[in-house]
Amino acid sequence: MKPHYIPDNHGITTRIFIPIQEWNSLKAEHTEIERQRTYEIPQWHKDLVLERMEAFKRGTEELIDFEEAMDEIEKNL
């Protein structure tokens, strides 16, 4: 197998790309891979996201880049 490791902006591997043929082979060997957990998103969370999207459209909500947000969170740990 030849996975491709994908780093974030800090050089830390955060994702792996596996060619589809190899993924299908892994699924055939390990049937438990196909089992997925599905979670229902609570209505309050959906409402909050919609509310924030509307605020962004009105210009009253500020967005920041994911990496910037993670850097800020890590500074406060």
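The values are calculated or read from the model by the stated rules, or taken from the named source; none is laboratory data. A quick note: this is a predicted structure, and the numbers were derived from the prediction, not measured. In this analysis, Cβ positions are derived from the backbone assuming ideal geometry, glycine residues included, and neighbour counts consider all displayed protein chains.
Among the residues of region 1-41, which ones are acidic (D, E) and either outside any helix (DSSP H, G or I) or in contact with a Pro (Cβ under 7 Å, 6 or more places away or on another chain) (or both)?
Those that are acidic (D, E) and either outside any helix (DSSP H, G or I) or in contact with a Pro (Cβ under 7 Å, 6 or more places away or on another chain) (or both): D8, E40.
How about region 6-17: which of its residues are surrounded by 10 or more Cβ atoms within 10 Å (Cβ to Cβ) and farther than 26 Å from E72 by Cβ?
Listed by number, the list holds a single entry, F17.
Residue by residue, here is whether (1) outside the structural domain of H4 (by TED's automatic domain parsing); (2) at positive phi; (3) surrounded by fewer than 11 Cβ atoms within 10 Å (Cβ to Cβ) holds:
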position: P19; (1), (2), (3): no, no, no
position: S25; (1), (2), (3): no, no, no
position: A28; (1), (2), (3): no, no, yes
position: T31; (1), (2), (3): no, no, yes
position: H45; (1), (2), (3): yes, no, yes
position: A55; (1), (2), (3): yes, no, no
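Cβ-Cβ distance below 7 Å, separation of 6 or more or different chains: which pairs start in region 54-71 with a residue that is over 29 Å from D8 (Cα atoms) and among the basic types (K, R) and end on one that is loosely packed, with under 10 Cβ neighbours inside 10 Å and modelled with pLDDT of 90 or more?
Sorted first by the residue in region 54-71, then by its partner, the list stays empty.
Before we move on, is K75 of a type in the set (D, E, K, R) and exposed (fewer than 11 other Cβ atoms within 10 Å of the Cβ)?
Spelling it out, K75 is indeed of a type in the set (D, E, K, R) and exposed (fewer than 11 other Cβ atoms within 10 Å of the Cβ).
Out of region 6-33, which residues are in contact with a Ser or Thr (Cβ under 7 Å, 6 or more places away or on another chain) and touching a residue at least 12 places away in the same chain (Cβ under 8 Å)?
D8
Of all residues in region 42-69, which are in a loop (DSSP other than H, G, I, E, B) and within 30 Å of P3 (Cβ to Cβ)?
D65
Filter region 28-56 down to the residues that are charged (D, E, K, R), over 21 Å from the mean Cα position of the chain (by Cα) and at pLDDT below 90 and list them by number.
E29, E32
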